[in-house]
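The values are calculated or read from the model by the stated rules, or taken from the named source; none is laboratory data. As the structure is a computational prediction, the values presented were derived from the model and not from experiment. Cβ coordinates were reconstructed from backbone atoms using ideal geometry, including for glycine residues, and neighbour counts include every protein chain displayed.
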Amino acid sequence: MVTPGPGPQAALLPSSLLSPLYTYQTGTEIGTMLSSVLFGIFIVQLHQYFTSSTSEPLRMKCFVCPIIMFIEVAHIVFLWIYVVDMNHGGLLDPTYLIRDTWPVISALLMSGIAGATVQSFYAHRIFRFSGSIWLSIPSWAGSIARAGITIAGCVASLTGFGGMVHTVLDWNNKYKWALRGVLAASVAVDVLNATILCIFLSRRRDANTRTSRVINKLSVWAIETGMLTSVLAVIMLLLVLFNHIELLPAFIHIYPNMFSLSLLLSLNAREGLRQTLFAKPVVSSSNPLVVRRQVTCQTFAELPTDTEMEMVKVHMTEPPYGSSAVNLAGSHV
């Protein structure tokens, strides 16, 4: 077997420069393949959402599709165009592997918009749950700032070099504030959303077992929603600060998928919370000693479906043989 040698341009480059180039290429391909896998999971969750959420409000369906779906599709399409273009150009010129081209700029633009959109939705969820717009304003401001920095960084990449060919390293050296600002804003909004929600939920606990169980689930979801994306953002921020840009693609290309998946997973998981909240004991007609639990149609009809957080606003029937009206949130439905 004959092993092909390096191209004419590669032969002129020192091995110390070739190694980061190939690391960047490998990271880009790994990130693209992982993003494709997550996109497939996103499609499955999207199908589950539209087939199970028959009573979902139209405004919510319009938010998930076409907005979130369009962003996801555009991101994965631009990403694969970038991979094909990068590999073709790198055959003759290895430095083309890190060239800042329009497909990668477009993919990163979709990435920033996806994260800011989902984080804004979580801020809106806090507003609907608490009834106080002031609690959501900091998160909305952070999301808007993140989207603004993303757009400014992409515009700078297209216009800031006077039409001259430049690499990702050139862009990072000239516009360090862009990537650092986006990642820092993302971490801040994630932490802020989770902290506000957990504090608000902790103040709504009572002696009811089922109520506490639902509150615990909501608190865990609030933390998990922002934990993974925050960890990824911190890792990427450290890579940028320590100038290991060649490792960045393996993380940054799956970043928007995490936001979209967290949104759909939280929406699809509402059924479990409904069962926990509204399943009430019913004595079997054949055997009075057998008590089973069921969810009445009336209960589901009363249940708001905007977000899983609004479930705890509805009056809950309390076992075993009595009922008490417990309004956990005390705000409008």
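Being out of contact with any strand residue (DSSP E or B) (no Cβ under 9 Å at 6 or more places or on another chain), modelled with pLDDT under 90 and hydroxyl-bearing (Ser, Thr, Tyr) holds for only one residue in Ser186, Ser139, Ser219, Ser157, and it is Ser219. The set of residues from the stretch 155-186 being under 26 Å from Ile137 (Cβ atoms), surrounded by fewer than 21 Cβ atoms within 10 Å (Cβ to Cβ) and of a type outside the set (Phe, Trp, Tyr) comprises Arg180, Gly181, Ala184. In the stretch 91-147, the qualifying residues are those that are charged (D, E, K, R) and farther than 25 Å from Asn173 by Cα, and the one that is farthest from the chain's Cα centre (by Cα) is Arg128. Got at least one residue in the stretch 32-41 being under 30 Å from Thr159 (Cα atoms) and buried (at least 20 other Cβ atoms within 10 Å of the Cβ)? Checked against the condition, which is being under 30 Å from Thr159 (Cα atoms) and buried (at least 20 other Cβ atoms within 10 Å of the Cβ), the stretch 32-41 yields at least one hit. Among the residues of the stretch 151-167, are any in a loop (DSSP other than H, G, I, E, B), out of contact with any helix residue (DSSP H, G or I) (no Cβ under 7 Å at 6 or more places or on another chain) and of a type in the set (Val, Ile, Thr)? Yes, that holds for at least one residue. Determine which member of the set Leu238, Leu264, Leu273 is at pLDDT 75 or above and farther than 30 Å from Ile98 by Cβ. From the options Leu238, Leu264, Leu273, the qualifying one is Leu264.
The residues of the stretch 160-183 that are touching a strand residue (DSSP E or B) at 6+ places or on another chain (Cβ under 9 Å) and within 19 Å of Ile235 (Cβ to Cβ) amount to a single one, Val168. Residue count for the stretch 236-268 under the criterion of being assigned to a helix (DSSP H, G or I) and farther than 20 Å from Phe42 by Cβ: the result is 9.
For the residues Tyr49, Tyr96, the requirement of being touching a residue at least 24 places away in the same chain (Cβ under 8 Å), among the hydroxyl-bearing types (Ser, Thr, Tyr) and in a helix (DSSP H, G or I) singles out Tyr49. Taking residues in the stretch 166-186 that are closer than 17 Å to His244 by Cβ and in contact (Cβ under 8 Å) with a residue 60 or more places away in the chain, and partners anywhere that are buried (at least 22 other Cβ atoms within 10 Å of the Cβ) and of a type outside the set (A, V, I, L, M, F, W, C), the pairs with Cβ atoms closer than 6 Å and at least 6 places apart or on different chains are Trp171/Ser157. Among the conditions (1) in contact with a His (Cβ under 9 Å, 6 or more places away or on another chain); (2) free of Cβ contacts under 8 Å to residues at least 12 places away in the same chain, Gly163 misses just one, which is (1). Suppose the filter is β-branched (Val, Ile, Thr) and surrounded by 16 or more Cβ atoms within 10 Å (Cβ to Cβ); does Ile113 pass it? Yes.
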